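Visitor: Take a look at this one; I'll ask things after.
Rule-based calculations on the coordinates, nothing more; no lab input. Predicted model, so just to flag it, every value in this text is computed and none were measured. Cβ: placed from backbone, ideal geometry, glycine included. Neighbour counts: every protein chain shown.
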Amino acid sequence: MDTYQNYGELAAKEQEGSDFSVKVVDRDNAKTLLLAPHGGAIEPGTSEIARAIAGDDLSYYLFEGIKSSNNRILHITSTNFDEPRALEIVEEFQNIVAVHGEGSEDEIVYLGGRDNGLLNHLKAALVEAGYITKTHTNPSLQGISPDNICNRGYSSAGVQLEVAKGLRRRFFSALNSAGRKDPTAELNLFASAIRNGLQIANAL
């Protein structure tokens, strides 16, 4: 159960700049937006994954927990995520890929969302790169609700990547703050696989 049911409740109790931060990079001519609505220390590694996929040419949005501890209370479920800058930028994009952190120690990417075409391209690219992909058994982690932030672009369909903790561990020397500043080569391999899928889908 989330502590805050929406951004208004969160912003009334938490301070931007000391408890959480919002980063928006809207690049000219980008057709794809990467989202990490539970970034920073909320779901560790998701900000870094989103930025790695975005590279120098795709747009991205990060909502990051930066508290010294207990960042989990900053989690707003994706169907309720209504931070104003997120709602504004998603409206610009047809292709939206949201990066989340699933909690198991499996080395798996759980794929979801309503954009089946893009999802299938990303799945094929991940499998080709050697990653295991599945659909999560929990419907709330399948990204299929129209209210999910990944599905609120102008096509009303996006993709959700639930990257299991076991796989995220492979991307960094550790998932703590210091370790996330020390990415491994595996992070670039994963980001390249996603970008390959986006290119095949003509989504870049």
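Visitor: Would you pick out the residues in segment 78-97 that are more than 18 Å from Phe171 (Cβ to Cβ) and either part of a strand (DSSP E or B) or touching a His at 6+ places or on another chain (Cβ under 9 Å) (or both)?
Guide: Filtering segment 78-97 for residues more than 18 Å from Phe171 (Cβ to Cβ) gives 78-96.
Within segment 78-97, Ser78, Phe81, Asn95, Ile96 meet the criteria.
Visitor: If I go through segment 47-67 residue by residue, how many of them are part of a strand (DSSP E or B) and hydrophobic (A, V, I, L, M, F, W, C)?
Guide: Filtering segment 47-67 down to residues part of a strand (DSSP E or B) leaves 59-65.
Going one step further and asking which of them are hydrophobic (A, V, I, L, M, F, W, C), we end up with 62-63.
The number of residues fulfilling the criteria is 2.
Visitor: Hey, any hits in segment 113-124 for a residue that's more than 22 Å from Leu198 (Cβ to Cβ) and within 16 Å of the chain's Cα centre (by Cα)?
Guide: Scanning segment 113-124 turns up no residue that is more than 22 Å from Leu198 (Cβ to Cβ) and within 16 Å of the chain's Cα centre (by Cα).
Visitor: Right, here's the next one. Are any residues in segment 152-168 outside any strand (DSSP E or B), touching an Asp or Glu at 6+ places or on another chain (Cβ under 8 Å) and not aromatic (Phe, Trp, Tyr), and if so, which ones?
Guide: First pass over segment 152-168, keeping only residues outside any strand (DSSP E or B): 152-158, 165-168.
Subsequent filtering for residues that are touching an Asp or Glu at 6+ places or on another chain (Cβ under 8 Å) retains 152-155, 157-158, 165-167.
Arg152, Gly153, Ser155, Ala157, Gly158, Lys165, Gly166, Leu167 - these are the residues of segment 152-168 that are outside any strand (DSSP E or B), touching an Asp or Glu at 6+ places or on another chain (Cβ under 8 Å) and not aromatic (Phe, Trp, Tyr).
Visitor: Could you grab me the full set of residues in segment 184-196 that are assigned to a helix (DSSP H, G or I) and either of a type in the set (S, T, N, Q) or under 16 Å from the mean Cα position of the chain (by Cα) (or both)? Write out each step before concluding.
Guide: Quick first cut of segment 184-196, residues assigned to a helix (DSSP H, G or I) only: 185-196.
Listed by number, the residues that qualify are Leu187, Asn188, Phe190, Ala191, Ser192, Ala193, Ile194, Arg195, Asn196.
Visitor: Among the residues of segment 47-58, is there at least one that is in contact with an Asp or Glu (Cβ under 9 Å, 6 or more places away or on another chain), within 18 Å of Asp19 (Cβ to Cβ) and either aromatic (Phe, Trp, Tyr) or surrounded by 15 or more Cβ atoms within 10 Å (Cβ to Cβ) (or both)?
Guide: Within segment 47-58, one or more residues are in contact with an Asp or Glu (Cβ under 9 Å, 6 or more places away or on another chain), within 18 Å of Asp19 (Cβ to Cβ) and either aromatic (Phe, Trp, Tyr) or surrounded by 15 or more Cβ atoms within 10 Å (Cβ to Cβ) (or both).
Visitor: Residues of segment 158-195 being in contact (Cβ under 8 Å) with a residue 40 or more places away in the chain, under 18 Å from Glu64 (Cα atoms) and among the basic types (Lys, Arg), which ones?
Guide: If the condition is that a residue be in contact (Cβ under 8 Å) with a residue 40 or more places away in the chain, under 18 Å from Glu64 (Cα atoms) and among the basic types (Lys, Arg), then Lys165, Arg168, Arg180 are the ones that fit.
Visitor: Looking at segment 148-201, which of its residues are of a type in the set (Phe, Trp, Tyr) and in contact with a helix residue (DSSP H, G or I) (Cβ under 7 Å, 6 or more places away or on another chain)? Break it down into steps so the answer makes sense when it comes.
Guide: Going through segment 148-201, the residues of a type in the set (Phe, Trp, Tyr) turn out to be 154, 171-172, 190.
The answer is Phe171, Phe172, Phe190.
Visitor: Do we find that Ile96 is surrounded by 14 or more Cβ atoms within 10 Å (Cβ to Cβ), in contact with an Asp or Glu (Cβ under 9 Å, 6 or more places away or on another chain) and in contact (Cβ under 8 Å) with a residue 60 or more places away in the chain in this structure? Steps first, please.
Guide: Details: surrounded by 14 or more Cβ atoms within 10 Å (Cβ to Cβ): yes; in contact with an Asp or Glu (Cβ under 9 Å, 6 or more places away or on another chain): yes; in contact (Cβ under 8 Å) with a residue 60 or more places away in the chain: yes.
Answer is yes for this residue.
Visitor: Let me ask something else. Thr137 versus (1) more than 23 Å from Tyr4 (Cβ to Cβ); (2) among the β-branched types (Val, Ile, Thr); (3) in contact with a helix residue (DSSP H, G or I) (Cβ under 7 Å, 6 or more places away or on another chain): which is the lone unmet condition?
Guide: Going through (1) more than 23 Å from Tyr4 (Cβ to Cβ); (2) among the β-branched types (Val, Ile, Thr); (3) in contact with a helix residue (DSSP H, G or I) (Cβ under 7 Å, 6 or more places away or on another chain) one by one, Thr137 breaks only (3).
Visitor: Related question: Do we find a residue being touching a residue at least 40 places away in the same chain (Cβ under 8 Å) and out of contact with any strand residue (DSSP E or B) (no Cβ under 9 Å at 6 or more places or on another chain) anywhere in segment 29-52?
Guide: No; the residues of segment 29-52 include none that is touching a residue at least 40 places away in the same chain (Cβ under 8 Å) and out of contact with any strand residue (DSSP E or B) (no Cβ under 9 Å at 6 or more places or on another chain).
Visitor: Could you list all residues from segment 113-134 that are more than 21 Å from Thr77 (Cα to Cα), in contact with a helix residue (DSSP H, G or I) (Cβ under 6 Å, 6 or more places away or on another chain) and either of a type outside the set (Ser, Thr, Tyr) or free of Cβ contacts under 8 Å to residues at least 24 places away in the same chain (or both)?
Guide: Residues satisfying the conditions are His121, Leu122, Ala125, Leu126, Ala129.
Visitor: Only one residue in Gly143, Gly117 is within 26 Å of Asp26 (Cα to Cα) and crowded, with 22+ Cβ neighbours inside 10 Å. Which one?
Guide: Numbers: Gly117 fails: crowded, with 22+ Cβ neighbours inside 10 Å.
Result: Gly143 is the single residue among Gly143, Gly117 that is within 26 Å of Asp26 (Cα to Cα) and crowded, with 22+ Cβ neighbours inside 10 Å.
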